[in-house]
């Protein structure tokens, strides 16, 4: 009888001790988890506070919620290879939202777009290699690219090269067949001869 009471008393004390000890460990872990979550939430709130809806780069309005890599491709004259090179040179993660970039990062991207030669970008990534007038490699974007293309077409028309003539008459320039396609303009359709009535 004494042994049974002793066992019951010991087990009861053990249960009470466990009941008081476990919450302390749980609260310690909970505090650690909450502190970790608090740091994440503070970072998120800081990013939200610094988030911009629109960023003006290269004469284009880029949406702030898009990834940097994807948003840069909206600029005329910037493809996936050049956008990738910009992200790598500026040390900006490709998945980072462009609206959360600091002003320094945006200025650096703008400088890379304007002067890619200063950042040792490979020449095959540039869209204006061995320019007709200067003979140097360059990368044109936005309105500069549009103007350069227009001037090139005018030059081809002026010297009456094959491509210039094709541009002038409104036909395809790159050797496409025109029997079935590109049927537009004044030469559209076939004129049949009138059948004269029988005498």
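Scanning the stretch 107-125 for residues that are in contact with a helix residue (DSSP H, G or I) (Cβ under 8 Å, 6 or more places away or on another chain) and in contact (Cβ under 8 Å) with a residue 40 or more places away in the chain, which turns out farthest from residue 72 (Cα to Cα)? Filtering the stretch 107-125 for residues that are in contact with a helix residue (DSSP H, G or I) (Cβ under 8 Å, 6 or more places away or on another chain) and in contact (Cβ under 8 Å) with a residue 40 or more places away in the chain, the one farthest from residue 72 (Cα to Cα) comes out as 125. Of all the listed residues (142, 138), the sole one being more than 15 Å from residue 75 (Cβ to Cβ) and either surrounded by 15 or more Cβ atoms within 10 Å (Cβ to Cβ) or in contact (Cβ under 8 Å) with a residue 40 or more places away in the chain (or both) is 138.
Among the residues of the stretch 61-78, the one identified as surrounded by fewer than 16 Cβ atoms within 10 Å (Cβ to Cβ) and touching a residue at least 40 places away in the same chain (Cβ under 8 Å) is 76.
Here residue 116 passes the criteria (1) at pLDDT below 90; (2) surrounded by fewer than 18 Cβ atoms within 10 Å (Cβ to Cβ) except the one numbered (2). In a residue-by-residue description of the stretch 37-47, the property of being modelled with pLDDT under 90, surrounded by fewer than 13 Cβ atoms within 10 Å (Cβ to Cβ) and either closer than 18 Å to residue 127 by Cβ or in contact with a strand residue (DSSP E or B) (Cβ under 9 Å, 6 or more places away or on another chain) (or both) applies to no position. Taking the criterion of being touching a helix residue (DSSP H, G or I) at 6+ places or on another chain (Cβ under 8 Å) and touching a residue at least 12 places away in the same chain (Cβ under 8 Å), the only residue of the stretch 156-181 that qualifies is 167.
In the set 183, 177, 166, 132, only one residue is more than 24 Å from residue 64 (Cα to Cα), at pLDDT below 90 and either over 32 Å from the mean Cα position of the chain (by Cα) or assigned to a helix (DSSP H, G or I) (or both); that residue is 183. If you go through the stretch 89-106 and keep only what is assigned to a helix (DSSP H, G or I), surrounded by 11 or more Cβ atoms within 10 Å (Cβ to Cβ) and without any contact (Cβ under 8 Å) to a residue 24 or more places away in the chain, you end up with just 105.
The values are calculated or read from the model by the stated rules, or taken from the named source; none is laboratory data. This is a predicted model, so every value here is computed, not measured. Cβ sites come from the backbone with ideal geometry, for glycine too, and all protein chains shown count toward neighbours.
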